[in-house]
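Novice: Would you mind keeping the following structure in view while I ask a few things?
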Amino acid sequence: MMENKEELARIITAENGKPLKEAQGEIAYSASFLEWFAEEARRIYGDVIPASAKDRRVLVLKQPVGVAAVITPWNFPSAMITRKVGAALAAGCTVVVKPAEDTPLSALALGELANQAGIPAGVYNVVPCSRQQTAAVGEVICTDPLVSKISFTGSTATGKILLKHAAGTVKRVSMELGGHAPFIVFDSANVDQAVAGALASKYRNSGQTCVCTNRFLVQKGIHDEFVEKFAKAIVKELHVGNGFDAKTTQGPLINEKAVEKVEKHIEDAVSQGASVVTGGKRHSLGKNFFEPTLLTNVTTKMLCTQEETFGPLAPVIRFETEAEAVAIANAANVGLAGYFYSQDPAQIWRVAEQLEVGMVGVNEGIISSAECPFGGVKESGLGREGSKYGIDEYLEIKYVCFGGL
């Protein structure tokens, strides 16, 4: 992958629209999972357990679960494959990858590289399909008795459908589903650090990542300063354009349906009293381009604070107390990532432990890496990817009792 990183990055930008620099970053991130799990393959340790009887020995073996079906999204068309496939291959499983219908080319490019790298035919398989066939293909993959394991990244709604399909044959399932990430800025925060973190967390991939901040909660004492600096940073540092243009930081959204959802959230918020500080409409470049948008005077009754936008919209809610902020953050039925900025050590421990999410960024807006466990709680999914825990999703534990000794 690293020998072909420029070509692979260009494929991502061409099919997904993200800026080339981000695509290059994705390829490095993507390759890091193959390296990580290649190393973890040597650490699939079993156990020897002291037996209760003198004439017995008790062993624990770990074995591959079997054929793994991998269903991936369009927002990280390379990394979401390797994060799953790296673990599966290291555990000894063959894989069938169904890439998102919007972005099949990255999956096919990885198939070509798998051949070049000497991975045997039939180990890494790709089944692209049209949007019309997606539901049918997903059902076949999740119900076929030859498939032992399902790993899916995508929306919570689709995840629930796939879980129902997988239940018929009681398959092992891991899922990384929707998020609704809160980003809390407390009065004690370093405002400049918080603005830099907010910019990275919200607008990466034009707001189209599952760990993107979806709602900003800013304490009243620091609110106005944060909003002013955040607005200036958005105008100064974000540039909408073609992903292949070197100065572009914001590419198009994936399709018009995505743009319409952003518009709907803004219209709903403004109709209930929210104010547009910057942005707020489609960009003149084309129908799928949208201006990075900042809203203030936002309340928890607005759609943009109740469901995931998946676009370049930053709604800011003003709050008074820590307890109020934590309550708002935890009101969601999902819990993937959460972020907060504070310089108070006691508050940092309290809030980190109280947030109902699988991953917490403290004074940090970008938290993903191969060595850390990625996943959520509540309706954000099941299991973890990456880290030393990720390979367990593709292993069965077998207990062996050796008697008559």
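Novice: As a test, work out the antiparallel percent of DSSP beta bridges whose residues both lie in the chain, rounded to the nearest 5.
Specialist: Working: 20 of 57 bridges.
If I count the DSSP bridges inside the chain, around 35 percent turn out antiparallel.
Novice: Order the peptides 251-260, 27-36, 322-331 from the highest to the lowest mean number of other Cβ atoms within 10 Å of their residues.
Specialist: Packing proxy ranking, top to bottom: 27-36, 251-260, 322-331.
Novice: Further question: Once amide H atoms are placed 1.01 Å from N in the peptide plane, what residues at a sequence separation of 5 or more from T299, or on another chain, have their amide H within under 5 Å of its amide H?
Specialist: Counting only residues 5 or more places away or on other chains, the set is empty.
Novice: Summing Lys, Arg as +1 and Asp, Glu as -1, what charge do residues with Cβ under 13 Å from the Cβ of N190 carry, N190 excluded? If you can, show how the numbers build up before the last one.
Specialist: Numbers: positive: K229; negative: D187, D192, E225, D344, E364.
Combined, the nearby Lys, Arg, Asp and Glu give -4.
Novice: Could I ask something else about it? Once both labels are modelled 7 Å past Cα along the beta-carbon direction, what's the E39-A117 spacing in nm?
Specialist: 1.6 nm
Novice: Which of these, P120, P19, P182, has the largest mean-square fluctuation under a Gaussian network model of the chain (Cα springs below 10 Å)?
Specialist: Top of the fluctuation ranking is P120.
Novice: While we're on this one: Roughly what % of Cα-Cα distances in the stretch 313-405 sit above 24 Å, to the whole percent? Write down the numbers at each step before the final one.
Specialist: Numbers: 1547 of 4278 pairs.
Beyond 24 Å sits 36 percent of the P(r) for the stretch 313-405.
Novice: Hey, another quick one. Rank-order 194-205, 161-172, 52-63, 104-115 by packing density, defined as the average count of other C-beta atoms within 10 Å over each peptide's residues, highest first.
Specialist: Values: 194-205: 22.8, 161-172: 15.8, 52-63: 12.3, 104-115: 18.7.
Top of the packing list down: 194-205, 104-115, 161-172, 52-63.
Novice: Residues in the stretch 94-137 near a label at L146, defined as backbone nitrogen under 19 Å from the 7 Å Cα→Cβ point?
Specialist: The answer is 94-99, 120-129, 136-137.
Novice: Let me ask another. Relative contact order for the stretch 279-333 using alpha-carbon pairs under 8 Å, separation at least 6, rounded to a whole percent? Before the final figure, lay out the partial values.
Specialist: Numbers: 53 pairs, mean separation 15.5, N = 55.
Over the stretch 279-333, the number comes to 28 percent.
Novice: Quick one: Karplus J couplings for the stretch 155-160, per residue in order, coefficients 6.51, -1.76, 1.60, θ = phi - 60°, nearest Hz, x for Gly and Pro?
Specialist: 6, 4, 4, 5, x, 5
Novice: How much FRET efficiency would the formula 1/(1 + (r/R0)^6) give for M2 and Y389, where r is the Cβ-Cβ distance and R0 is 30 Å, rounded to 0.05? Mind dumping the intermediate values first?
Specialist: Details: r = 25 Å, r/R0 = 0.84.
With a Förster radius of 30 Å, E is 0.75.
Novice: Please list, in chain and number order, the residues 5+ apart from S188 or on another chain whose amide H is under 5 Å from its amide H, with Hs placed from the backbone.
Specialist: Here Q343 satisfy the definition.
Novice: A further question follows. What list of ³J(HN,Hα) couplings, whole Hz, do you get for the stretch 248-253 from phi and the Karplus terms 6.51, -1.76, 1.60, once you set θ to phi - 60° and write x for glycine and proline?
Specialist: After applying 6.51 cos²θ - 1.76 cosθ + 1.60, I find 5, 10, 10, x, x, 6 Hz.
Novice: So what is the calculated 222 nm ellipticity per residue for the chain, using -39500 (n - 2.57) for each DSSP H run with n of 4 or more, over all residues, to the nearest 500 deg cm²/dmol? Can you show the working numbers first?
Specialist: On the way: 11 runs with 143 residues, N = 405.
Rounded to the nearest 500, it is -11000 deg cm²/dmol.
Novice: Here is a follow-up. Taking Cα pairs under 8 Å and at least six residues apart, what relative contact order does the stretch 181-362 come out at, in percent? Display every interim value, and only then the final one.
Specialist: Numbers: 354 pairs, mean separation 52.2, N = 182.
It rounds to 29 percent for the stretch 181-362.
Novice: Restricting to bridges with both residues inside the stretch 181-362, how much of the DSSP beta-bridge set is antiparallel, in percent to the nearest 5?
Specialist: Numbers: 4 of 24 bridges.
DSSP beta bridges in the stretch 181-362 are roughly 15 percent antiparallel.
Novice: Using mean Cβ contacts within 10 Å as the protection proxy, how do 273-281, 69-77 order, highest first? Don't skip to the end; give the middle numbers.
Specialist: Values: 273-281: 17.0, 69-77: 25.6.
Those peptides, ordered most packed to least, come out 69-77, 273-281.
Novice: Just to be sure I understand the model, the point goes 7 Å from the Cα along the line to the Cβ. What's the resulting D245 to A200 distance in nm?
Specialist: For the pair D245/A200, the computed spacing is 2.5 nm.
Novice: Can you give me the solvent accessible area of E356 with a 1.4 Å probe, rounded to the nearest 10 Å²?
Specialist: 80 Å²
Novice: For E225 and R56 in the same chain, what is the full-extension length gain: residue separation times 0.36 nm, less their Cα-Cα distance, in nm? Provide the component values of the computation, followed by the final result.
Specialist: Details: separation 169, 0.36 × 169 = 60.84 nm, distance 6.94 nm.
Using 0.36 nm per residue and subtracting the Cα-Cα distance, I get 53.9 nm.
Novice: Same structure again: Step through the residues of the stretch 83-91 one at a time and calculate ³J(HN,Hα) from phi using the Karplus curve (6.51 cos²θ - 1.76 cosθ + 1.60, θ = phi - 60°), rounding each to whole Hz and writing x for Gly and Pro.
Specialist: With coefficients 6.51, -1.76 and 1.60, one gets 5, 8, 5, x, 5, 4, 5, 5, 6 Hz.
Novice: What are the residues whose amide H is under 5 Å from the amide H of Q306, where those residues sit 5 or more places off or on another chain and H is modelled from the backbone?
Specialist: For Q306, whose amide H was placed from the backbone, there are no distant partners under 5 Å.
Novice: I've got another one for you. Note down the relative contact order for the chain as a percent, whole number, built from C-alpha pairs under 8 angstrom at least six residues apart.
Specialist: Numbers: 877 pairs, mean separation 81.3, N = 405.
Relative contact order, the chain: 20 percent.
The values are calculated or read from the model by the stated rules, or taken from the named source; none is laboratory data. Just so we're clear, the structure is a prediction, and the values are computed from it rather than from any experiment. Counting neighbours? That spans all protein chains shown, and the Cβs are built from the backbone with ideal geometry, glycine included. We work out accessible area using only protein heavy atoms, side chains counted, and drop any ligands, DNA or RNA first. Shrake-Rupley method; radii C 1.70, N 1.55, O 1.52, S 1.80 Å.
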